[in-house]
Amino acid sequence: MAQFVGAYLAASGKAPMHSRSPICVSRSLKDCPDNSLLSRTDHLQLPRSVAAEVDKGAVGDTGAVSQDQPTSDPSSHLGSGDLAMAPRTADTLLAAAREVLDANRSGRYTRPSQALYPHQWSWDSAFIAVGRSWHDAEGARLELETLFEAQWETGMVPSIVFDAAAPPDAYFPGPDAWQSERSPSAPRGRPTSGITQPPIHARAALEVHRHAPPDQSAASLAWLERMYPRLVAQQRYLATARDPRGIGLATIVHPWESGLDDSPAWDRDFGRIEVPGGALAPYQRRDLDHASPADRPTDADYARFLYLLTLERDANYDDARIVATSPFLMVDPLFNAIRLWSEHALSEIAGLIGADPEPHRAAAGRIHDALIGELWVSRRQRFCAWDLRRDQREPEDTVVSFGPLLDPDLPRPIVAAICRELESPSFRPRRGGPHYLVPTFDERAAGFDPERYWRGPIWLNTNWLLWHGLRLHGRSGLADEIVASSVELVRRSGFREYFDPLDGSGHGSDRFSWSAALFTDMVLASRSPLTMANNG
Ligand code: 2M8
């Protein structure tokens with residue numbers, strides 16, 4: 001594994017990144033078309049002391065804006081990324097990330113954002129734990145443990161655990177809409193949603209353990225032992241209740257379960273769902289109090305989300321009934337690739353705590369076979385979501401198609417096809433101005449929208465997943481570009497929920513927890529040869 005971006009490029013004799021791609025990762029910040037931003041940090045919404053440091057770091061510390069020569073600072077490990085020239089800027093942004101994570105912490109867990117998402121979300125907490133583990137291993141362990149305290153008896157980890165301390169009308173749909181107490185499997189006295197999210201938690205637990213300082217290794221191992229049966233139960237739930245036909249792939253019964261809610265990946269199916277008149281009680285969207293309507297899902301999609309919720313609630317969250325009747329029944333390649341990646345993590349965890357890794361390897365093998373057998377559409381050279389209701393493979397070219405890179409055993413020709421697509425004008429246009437990676441939807445598709453939620457913008461969690469997947473297959477050049485681009489987006493726009501791939505502007509919530517957490521992880525892991533070498 002190449003140690004660092006710069007070292008990798010030098011050793012491989014490849015051209016510097018900025019000459020291969022228009023993203024602004026040049027050795028000299030003056031090459032960046034928008035370097036005026038470097039001395040203005042208002043848009044970053046950082047605490048004043050931190051903002052002053054960023055300005056000092058970007059301009060004064062290395063002289064990167066006013067001088068031509070590149071930095072020769074040997075402590076810089078991002079190589080050709082902007083932060084290589086301003087290591088103090090990197091450190092300052094890391095400090096700002098930590099400040100965001102601390103400010104969003106509420107007792108034993110971290111809110112995705114203070115206003116828009118004031119409860120505990122499932123995969124957010126997993127990403128947050130990974131980021132937090134670099135400076136607070138104990139807090140990271142608590143984050144995941146708190147989430148799993150609300151695990152259902154079926155093994156399902158709910159997508160949201162409601163915080164009684166949040167104002168009742170802070171988020172909609174809240175506990176009164178979900179009524180999780182209707183299910184005998186839901187935890188008593190802990191209102192949650194009635195659906196799940198991608199099972200990234202076993203992988204997150206392993207990462208958290210890897211980051212534990214030596215004086216905490218015993219406590220961390222004991223924690224892994226406590227978490228292991230819960231993580232196994234989560235995976236078993238998906239392999240059984242969500243796969244009654246035994247195809248080897250778990251189905252999702254609501255787009256919210258994918259985490260990529262209004263992704264075009266399931267447009268053809270989801271868009272056909274008609275909400276019968278009178279099916280929904282009058283409601284007020286709270287998300288629009290905190291974010292621009294142009295950024296969020298449309299009203300029509302929101303009504304469909306709520307309609308599916310109502311059907312699931314009316315079935316008392318009985319999995320067999322829902323899988324048999326839900327109008328939305330989708331097999332998502334990204335969701336299942338994450339499941340597979342977590343099975344590999346469980347096999348490593350089993351090895352660490354003296355359990356048997358074999359069942360996890362076998363489970364990962366079954367998912368691998370089904371991913372390739374059922375979701376790889378060779379005519380399109382792409383993994384496609386599978387609408388089980390209509391038995392259709394969805395043709396949309398979205399980021400979910402790249403998810404199977406997380407499978408370490410993915411055949412080389414398939415890896416090559418995915419990388420070709422990632423490097424194609426659909427996901428990495430060469431248009432001469434600044435450009436950022438990786439949009440969540442084909443930039444050339446008719447429905448591409450650079451601002452609307454999961455219909456085009458860049459998210460740091462999908463970047464983080466792709467970064468891992470690419471490194472698993474030795475594609476470190478592209479992986480490094482994704483890190484450099486993520487860093488640049490944060491430097492320009494702060495820890496926003498997501499980013500416009502065309503101009504790098506930030507959208508959705510600000511001070512968004514997983515952006516802070518995964519920025520931290522990508523930067524610190526890129527600095528640490530040990531972590532890079534261990535990964536996978
Ligand atoms: C978004 O989803 C929630 C519903 O669960 C929402 O739109 O209200 C998604 O981005 C999801 O992936 C994320 O976990 C959640 C909280 O950040 O927000």
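Summary table below
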item: Largest to smallest accessible area among LEU94, LEU142, LEU437 [probe 1.4 Å]; result: LEU142, LEU94, LEU437
item: Radius 15 Å from Cβ of GLU143, net charge of other residues (Lys, Arg +1; Asp, Glu -1); result: 0
item: Förster radius 30 Å - calculated FRET efficiency between THR298 and ASP176, Cβ distance, rounded to 0.05; result: 0.80
item: Summed side-chain charge close to ASP169 - residues other than ASP169 whose Cβ falls under 11 Å, Lys, Arg +1, Asp, Glu -1; result: -1
item: Rotationally averaged projected area of region 338-421 (alpha carbon convex hull; nm²); result: 6.1
item: For VAL377, residues with placed amide H under 5 Å, excluding near neighbours; result: ARG382, PHE383, CYS384
item: Prolate/oblate/rounded call for region 425-483, Cα gyration tensor, a/c under 1.5 rounded; result: prolate
item: Under Karplus coefficients 6.51, -1.76 and 1.60, residue-wise ³J(HN,Hα) of region 292-309 in Hz, glycine/proline x; result: 5, x, 5, 8, 9, x, 5, 4, 5, 5, 4, 4, 5, 4, 5, 5, 4, 4
item: Relative contact order (%) - region 359-463, alpha-carbon pairs under 8 angstrom, separation at least six; result: 17
item: Around ARG393: net Lys/Arg minus Asp/Glu count, Cβ-Cβ under 15 Å; result: -3
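The values are calculated or read from the model by the stated rules, or taken from the named source; none is laboratory data. If you're wondering where the values come from, they're calculated on a predicted model, not measured in any experiment. All Cβ positions, glycine included, derive from the backbone under ideal geometry; neighbour counts span all protein chains shown. We work out accessible area using only protein heavy atoms, side chains counted, and drop any ligands, DNA or RNA first. Shrake-Rupley method; radii C 1.70, N 1.55, O 1.52, S 1.80 Å.
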